[in-house]
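Only one structure is covered here, and it is reproduced in the block below.
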Amino acid sequence: MYKVIVAGSTDFTSDCILQLLKCSNVNIVSVIAPIDTKKDRKGNIIESEVSIVAKENNLNILKPENINSDDFYDTLVSLDADFFIIVAYGRILSKRTLSIPKIMPLNIHGSLLPILRGASPVEHALLYNFKETGTTLQKMDYKLDEGDIILSHSFTIDPSWQFIELYNEIKKSGVYILSEFFNNVDYYISNLKSQDHSIATFCSKIKKEDGKLDFSKSALELHNMTRAFVRWPTAYCYYNNTFIKVFISDYKVIDNNSSKDYGRIVDINNDYISIQVLDGFYMIKELQREGKKRQSVREFLTGNRLCIGEYFN
């Protein structure tokens, strides 16, 4: 029976906990989650999904202010874990902390390492228009996402997927590789594979300003921004100084496009608003005006007047 500590902060972590509970050779000795700080409108603390799942399954849950502190180090050592499993924890573990598990610390990463190391692999797989991605189970290293690869699982990205759909598939893939690992632990540990650092790529944490649409970019780039940022920060632009979020888009590339009238509205109908961009048209299909609800173009045009020749910026 392998004694395991799971650390994480998202529904991805929760899904992995539920999978580990099904593994006959795993004993979850503790779950580590960030301190709950979000509050509802009445001021009550909103517990994370990780906390809820741990409580529902009578698991020992710990919420240290600093996972690398001297006091918490003694707590971790006392749990006598074989594995740490880190899934979207959002904290950097020190070398000393990583040395605690008797066998090794593990991390599930949402890309096919060494491609897209870093904080936002799901968004960047969409931004870069990847046709394929997946998850990697790696032995954790103190350097970001550079540990030896234990197991990878790939899948095809459907062109219609936005962030939510891809993220859900990443979660399924991560749960799968975790299950596979504990089906044959000795085999996978004896067949670790070093990453090829020469082909590594990196992705930074997404910032709010990354969602600003620049209509001098290509139609596909802008469409992929809509897909990648639909959860947060949402692709956005301005119309007559009014803040506009875009939730669903399409695009059309025009061969030998010569117009540089970027941001100009070239067509309006009940299905989309077509905007001139670098190599064709960026087509807004679902949007939200500041202070209003999310709407289809048909709904938006009922209460808002747009004219061909005007500009989004």
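The values are calculated or read from the model by the stated rules, or taken from the named source; none is laboratory data. All figures in this text were calculated on a predicted structure; none of them were measured in a lab. Glycine gets a Cβ as well: all are built from the backbone with ideal geometry, and neighbour counts include every protein chain shown. Only protein heavy atoms, including side chains, enter the accessible area calculation; ligands, DNA and RNA are left aside. Shrake-Rupley method; radii C 1.70, N 1.55, O 1.52, S 1.80 Å.
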Any hit, region 31-47, residues being in contact (Cβ under 8 Å) with a residue 40 or more places away in the chain, crowded, with 17+ Cβ neighbours inside 10 Å and within 27 Å of Glu180 (Cα to Cα): yes
Scope region 280-308; condition farther than 13 Å from Phe247 by Cβ, touching a Lys or Arg at 6+ places or on another chain (Cβ under 9 Å) and surrounded by fewer than 18 Cβ atoms within 10 Å (Cβ to Cβ); matching residues: Glu290, Gly303, Asn304, Ile308
Residues (open to solvent by less than 60 Å² (accessible area, probe 1.4 Å) and of a type in the set (Gly, Ala, Ser)) located in region 118-151: Gly118, Ser120, Ala125, Gly134, Gly147
Residues (closer than 21 Å to Ala119 by Cβ and free of Cβ contacts under 8 Å to residues at least 12 places away in the same chain) located in region 142-171: Lys143, Glu165, Asn168
Failed item in (1) modelled with pLDDT of 95 or more; (2) over 26 Å from the mean Cα position of the chain (by Cα), with Glu180 passing the rest: (2)
Strands (runs of 3 or more DSSP E) (entirely within region 54-157) containing at least 1 residues that are within 19 Å of the chain's Cα centre (by Cα) and over 18 Å from Ile17 (Cα atoms): 132-139, 149-156
Checklist (1) within 20 Å of Asp82 (Cα to Cα); (2) assigned to a helix (DSSP H, G or I); (3) open to solvent by 80 Å² or more (accessible area, probe 1.4 Å) applied to Ser24, failing item: (2)
Test: residue in region 171-184 that is under 29 Å from Ser14 (Cβ atoms) and in a loop (DSSP other than H, G, I, E, B): yes
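Conditions tested, residue by residue: (1) modelled with pLDDT of 95 or more; (2) in contact with a helix residue (DSSP H, G or I) (Cβ under 7 Å, 6 or more places away or on another chain); (3) surrounded by fewer than 20 Cβ atoms within 10 Å (Cβ to Cβ); (4) over 17 Å from Val31 (Cβ atoms).
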| position | (1), (2), (3), (4) |
| --- | --- |
| Glu65 | no, no, yes, no |
| Tyr73 | yes, yes, yes, yes |
| Asp80 | yes, no, yes, no |
| Ser99 | yes, no, yes, yes |
| Pro105 | yes, yes, no, no |
| Ile108 | yes, yes, no, no |
Yes/no for Asn256 being out of contact with any strand residue (DSSP E or B) (no Cβ under 7 Å at 6 or more places or on another chain), within 18 Å of Asp214 (Cβ to Cβ) and without any contact (Cβ under 8 Å) to a residue 12 or more places away in the chain: no
Count - residues of region 233-279 that are under 20 Å from Glu123 (Cβ atoms) and open to solvent by less than 40 Å² (accessible area, probe 1.4 Å): 8
